[in-house]
Amino acid sequence: MLMSNTDRVARLHYMANGFRVLNPGDHVVCAVTGHRIALEDLRYWSVTGQEAYATAAAATEAMAPR
């Protein structure tokens, strides 16, 4: 039986120029806001933190010194 990737969180390995899908799914969750990000809309992530961000503002907030 084929499994649908609809409504499943994907597990990704983030690299400098892209990402590799480790476990299939249709979205990831923003590390800052908790919002769902469809894989086709994913533009911001941290290679060192291995986490995704929904917007440039969320990425900036995550990387700001504390």
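The values are calculated or read from the model by the stated rules, or taken from the named source; none is laboratory data. In this text the structure is predicted, and so the values were computed from the model without any measurement. Counting neighbours? That spans all protein chains shown, and the Cβs are built from the backbone with ideal geometry, glycine included.
Each residue in region 14-53 was checked for being among the hydrophobic types (A, V, I, L, M, F, W, C), surrounded by 14 or more Cβ atoms within 10 Å (Cβ to Cβ) and without any contact (Cβ under 8 Å) to a residue 40 or more places away in the chain, and 10 of them qualify. State whether the residues of region 31-39 include one that is in contact with a helix residue (DSSP H, G or I) (Cβ under 7 Å, 6 or more places away or on another chain) and aliphatic (A, V, I, L, M). Scanning region 31-39 turns up at least one residue that is in contact with a helix residue (DSSP H, G or I) (Cβ under 7 Å, 6 or more places away or on another chain) and aliphatic (A, V, I, L, M). On the given criteria, is M15 at pLDDT below 95 and not hydroxyl-bearing (S, T, Y)? Against the criterion (at pLDDT below 95 and not hydroxyl-bearing (S, T, Y)), M15 does not qualify.
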